[in-house]
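Structure, as structure tokens:
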Amino acid sequence: MSADTLALPRGRGRSPRSLPRRRVWAGTAIALALGGVVVASLAIGTSEIPLGTVWHALTAYDPTDPEHIAIVEKRLPRTIVGIVVGAALGLSGTIAQGVTRNPLADPGILGVNQGAALAVVAAITVFGATGPSSYLWFAIGGAAVAAAIVWVLSSRGRDGATPGKLALAGAAVSAALFSLVSAVLIVSREALDAMRFWQVGALAGRGLDVLVPVLPVLIVAAAVALASGRTLNLFALGDETAAALGLRVNRARLLLAIALVVLAAGATAVAGPIAFVGLIVPHAVRSIAGPDYRWILLFAAPTAAVLLVAADVVARIVARPGELQVGIVVAAVGAPFFIALVRRGRMAGL
């Protein structure tokens, strides 16, 4: 018997016969939504640019036209960064929930974000890093070390790294790292000024120069994540059943944890810690795509990209002539949405 032939957990009111049709509609809707938010991101900013001008800027770029310059050199790179960061957060959140079988798990709970934050503080205060492109790898390294500490702590004992021990170890390490970050920021005005913007989570000022250095590792980690659907389906059946079906549980969990860390840390290094995307998107996708992680992963990446780019567009509108940080908008939308999901009991069993 394989995982593909086993009945995965189903949510309330979900008809298996309707799932294929629902997935087709969902895929179409997500593709249209992604196209819509990309156009909106190119057209809307401190000044609105007609769609015809957007089209001409993309197809017949005029380097002397200020609107063409704004679209091609500012808004287009920012939109691409938003898509990549959103997709990475969506995949990392899906893996976090699938590996730990914890519906509230996200990279923040596993210590990834605070590990990245502490490493960035160290990069600024010790090595004199001055911008996102100069501390990308510090963030990834810090996140990896934090995740490794969580893994080692949760692996101690007879039962190994159970979902509950992972969550507890992650919360403890996050709290400790947060205290260290706060202590450094209190005594270092330079680090405080540099962290104030990054720590909120923003796409403004993030261009391809920030994204390109980390893009190769994000692509590799995303490929691993998208190929892990069957493994996550086995984890959903429990460790003992997964092992009985031939899965090497610890090795698979370690591989997925590495992919999770790289995706979350890369996204965090580029745009700062952005909460709720990795937590909400898997639940939203699961409600329309069913419990099969092969479909959840496939839909989570573009759905998270739509959410983050749409939030960035809203961030440019609500505080004109200035703009909010996208992390604030995502938190404002994500928190009540997540509470609504919980209250409606739509968090399917993991």
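Any read-out appearing in this document is the output of simple, stated calculations on the displayed coordinates, not a laboratory observation. Please read all numbers here as calculations on a predicted model, not as lab measurements. So basically every Cβ, Gly included, is an ideal-geometry build from the backbone, and we count neighbours across all protein chains shown.
Tabulated values for the structure
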read-out: Pairwise FRET efficiency - residue 335 versus residue 47, Cβ, R0 = 30 Å, nearest 0.05; value: 0.45
read-out: Inverse mean reciprocal Cα-Cα distance (Kirkwood Rh) of the stretch 206-259, Å; value: 12.6 Å
read-out: Whole-number D in µm² s⁻¹ for the stretch 194-299, Kirkwood Cα-pair radius fed into Stokes-Einstein, 37 °C, 0.692 mPa s; value: 212 µm²/s
read-out: Calculated FRET efficiency for the pair residue 18/residue 215, C-beta based, R₀ 51 Å, to 0.05; value: 0.85
read-out: Net lengthening on full extension, residue 317/residue 25 (0.36 nm per residue, minus Cα-Cα); value: 102.1 nm
read-out: Inter-label distance for residue 258 and residue 65, nm, one decimal - labels placed 7 Å from Cα along Cα-to-Cβ; value: 4.8 nm
read-out: Cα pair distances in the stretch 22-158, grouped into 5 Å bins until the bin that holds the longest one, percent each; value: 2, 9, 12, 13, 13, 12, 13, 12, 8, 4, 2, 1, 0, 0
read-out: The stretch 45-85: radius of gyration over Cα atoms, expressed as a fraction of 2.2 N^0.38 Å; value: 1.14
read-out: Cα-based Rg of the stretch 272-342 normalised by 2.2 N^0.38 Å, two decimals; value: 1.18
read-out: Whole-Hz ³J(HN,Hα) from phi, Karplus 6.51 cos²θ - 1.76 cosθ + 1.60, for the stretch 325-336, glycine and proline x; value: 7, 5, x, 5, 5, 4, 5, 5, 7, x, 4, x
read-out: Qualifying trypsin sites (Lys or Arg not before Pro) in the stretch 230-308, DSSP loop, other Cβ atoms within 10 Å at most 13; value: 248
